[in-house]
Structure formats: C-alpha cells, structure tokens
1. Going by what's in this entry, would residue 83 be described as over 30 Å from residue 158 (Cα atoms), touching a strand residue (DSSP E or B) at 6+ places or on another chain (Cβ under 9 Å), crowded, with 21+ Cβ neighbours inside 10 Å and touching a residue at least 12 places away in the same chain (Cβ under 8 Å)?
2. Go through 202, 240 for me and flag whichever is under 21 Å from residue 279 (Cβ atoms), modelled with pLDDT of 85 or more and in contact with a strand residue (DSSP E or B) (Cβ under 6 Å, 6 or more places away or on another chain).
3. Residue by residue through the stretch 213-246, note down the ones that are farther than 16 Å from residue 351 by Cβ and not in a strand (DSSP E or B).
4. Only one of (1) modelled with pLDDT under 90; (2) at negative phi; (3) in contact with a strand residue (DSSP E or B) (Cβ under 7 Å, 6 or more places away or on another chain) is not met by residue 319, so which one is it?
5. With the checklist (1) within 23 Å of residue 271 (Cβ to Cβ); (2) in contact (Cβ under 8 Å) with a residue 60 or more places away in the chain in hand, flag the one item residue 122 doesn't pass.
6. Condition first: within 19 Å of residue 124 (Cα to Cα), in contact (Cβ under 8 Å) with a residue 12 or more places away in the chain, more than 17 Å from the chain's Cα centre (by Cα) and outside any strand (DSSP E or B). Can you find one or more residues in the stretch 278-299 that meet it?
7. Could you please find all residues in the stretch 300-327 being part of a loop (DSSP other than H, G, I, E, B) and crowded, with 24+ Cβ neighbours inside 10 Å?
8. Say we look at the stretch 248-272 and pick out the residues that are under 12 Å from residue 325 (Cα atoms) and modelled with pLDDT under 90; which of these is surrounded by the fewest Cβ atoms within 10 Å (Cβ to Cβ)?
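The values are calculated or read from the model by the stated rules, or taken from the named source; none is laboratory data. All values derive from a computational prediction rather than experimental measurement. Every residue, glycine as well, gets a Cβ built from its backbone with ideal geometry; the counts of neighbours run over all protein chains shown.
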C-alpha cells in the first residue's frame, strides 16, 4: 500500500455520491458546416467535444513549438487552436479549425508556472494555463495576506504581462464534510468510480479521503465492511484506489445523479478547456459547468500542494469530495477541492481520472 502522507487536517471527508460514477460527453464525429470562414478563407467545421478533443490533441502534438494550446468553443461548435506562426496556422485551417496567432508559446507559459512554483508558492493560491487569454491565470483566495498578494503581484509583474492575478471570495480547501457514502476512521467520503483491478472489483475516490482510513464501510460509521485501500496519494496528486473486500461485489459502471436516476459510464476521457461537464455530489446533487483550465496547481496550505488538476467553474461544497465529474458517458475527474459554494459560485478542482487509472493500473 502506498501512502504519501496522511492529511492531519482531514475531519469528515466526503465525495460526490455514487457507487458507480463516470463520464465523458457522448460525442459524434465532426461534421462539415457551411458559413464560417477563417483568415485563410477556408471553411470552419462544426466539431463535437469528442472530435475537438481528438483533433486538438493530435494537432498540438504535430505542431510542437508552433502550438500554444487549444480550447473548444461550445457555443459555435468550433475547435480553436493557438499558434505562434503562420505556417502552423495553415496546418490548423486545413483541419477546419480556427487558428489564432498568439504571442506566448506553450513552452513559455509552462516556464512561467515553474517560476511561480519557485518564487510565489503562497498557501491559498492556484494557477493554470488559460488558452483563451494565452496567459497564466493565478487565483488568490481570501486567506492570502497582503504580503502574500504583494509577492504574487510582484512575480506577475516581472513576467511581461504573461500572468493575471485575481482574488477569490472563498477559501481553497479539500471538500471534506458531510456526505453519505463510505465511512472510515471517523471520516466520511463518497465513492467516485467503480473500476476493476486485475479482474477484481475496486473503486476510485479522493486521495485525501484514502489517507484518512485504510478500511471503509458502507451505510454508516461501523457499518458493513466495504473495502481496503490499496493505494492513496495526497498531496502531489489526489486519488485513492480501494479494493472491495468481497471479490463477488456487483460494482456497476454508472453514476448516481442524486435524483433517482443513473448515468452509465463506458469510458474515461481527457478533459479539455471548454468541455461541458457535470459533477455528482452527495451534498449538492448534480451540478453542471465548464472546464476552464488544465494542469492546475493548488496550494491548499500546510504543505498540501497538488499538481496536474482540472480547473472548472462547476460549483461544489463540503461533502462533495471524492465524487465524480463526468461528461456524458465518460469519467473525467474526481472532486479534489476548491472555493465558494453553489450559491455564490467559485472554482473547483478535480483529479484527472485518466491519471489515476494509469497510476494504479485499474480499468473502468
């Protein structure tokens, strides 16, 4: 069993409720659409989320240093690719995507995030690359002091306009209260996605939940034994794999939508900026929103820094921790933490499911 570090602050932990959860939007191949033209006077195609993700990922790899990120414009159904030169723009237009020539390359923006990690790692902050602005977006929560904000601002000003800084009214923290799914060590969490590990049933949840207890029960504290933690990682990442104690457990691949219905999960999907997603939580039910950033770093304080997260505008509250973020029939993320609530809004961060599966060897 692998434990990076038990989170001493974790009290009642919870996650989005579902014995089986999953997601990724049901997407169709892109279809030609007449009308829109880009600067190259070539037809701009209508893309679905899935086709945009496939083509965007492929183009980004082909463009190399000529690419600078991409996002999906759901309103116009367009794949928008940032590029740094005209030859790359022509390659993008040939795929029916929109080419935007921008100033900052992906490599330059990644270098900025590295500098922030070295020079401005302030508790209560997060940062991610925003392809829509072609900048690094930094968020400081309400706990950041005047001195900490000055440190962030100074770092941002030294980076030639490549960084934006804004305040959040909430406080970044792992969502850790309430909920109704699994119990262990005085903590309470929700099951994320059912998976299999070497042919036997298991499930994924948040790592800050997995660190709280080695064993988990269902229904109530001290209830029917459910499973044992095989691997739990928090901080750095935020996922845990729990193996069902009974190898005959029926663990369907579906998401509890908290309204008496379920969403079948058939696959795992990589997130992309602009992707429409939903989150199932035992505290707030099902909420919807959009992916706003990738490879986000969040400093929850007390040394708990988590990297590689998906940033969204989907609301969540304490009790939703460990729960599923999905898009259609595809699993996308596990609820890690964030700020705000489902009244005022805020930012919420998710552990990518694909990374958790890869790290643990589990399968949907």
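1. no
2. Testing whether each residue is under 21 Å from residue 279 (Cβ atoms), modelled with pLDDT of 85 or more and in contact with a strand residue (DSSP E or B) (Cβ under 6 Å, 6 or more places away or on another chain) leaves just 240.
3. Result: 213, 214, 219, 220, 221, 222, 223, 224, 245, 246.
4. Evaluating residue 319 over (1) modelled with pLDDT under 90; (2) at negative phi; (3) in contact with a strand residue (DSSP E or B) (Cβ under 7 Å, 6 or more places away or on another chain) leaves (2) as the failure.
5. Of everything listed in (1) within 23 Å of residue 271 (Cβ to Cβ); (2) in contact (Cβ under 8 Å) with a residue 60 or more places away in the chain, residue 122 misses just condition (1).
6. Within the stretch 278-299, not a single residue is within 19 Å of residue 124 (Cα to Cα), in contact (Cβ under 8 Å) with a residue 12 or more places away in the chain, more than 17 Å from the chain's Cα centre (by Cα) and outside any strand (DSSP E or B).
7. Result: 300, 314, 316, 319, 320, 321, 322, 323.
8. Ranking the qualifying residues of the stretch 248-272, first place goes to 257.
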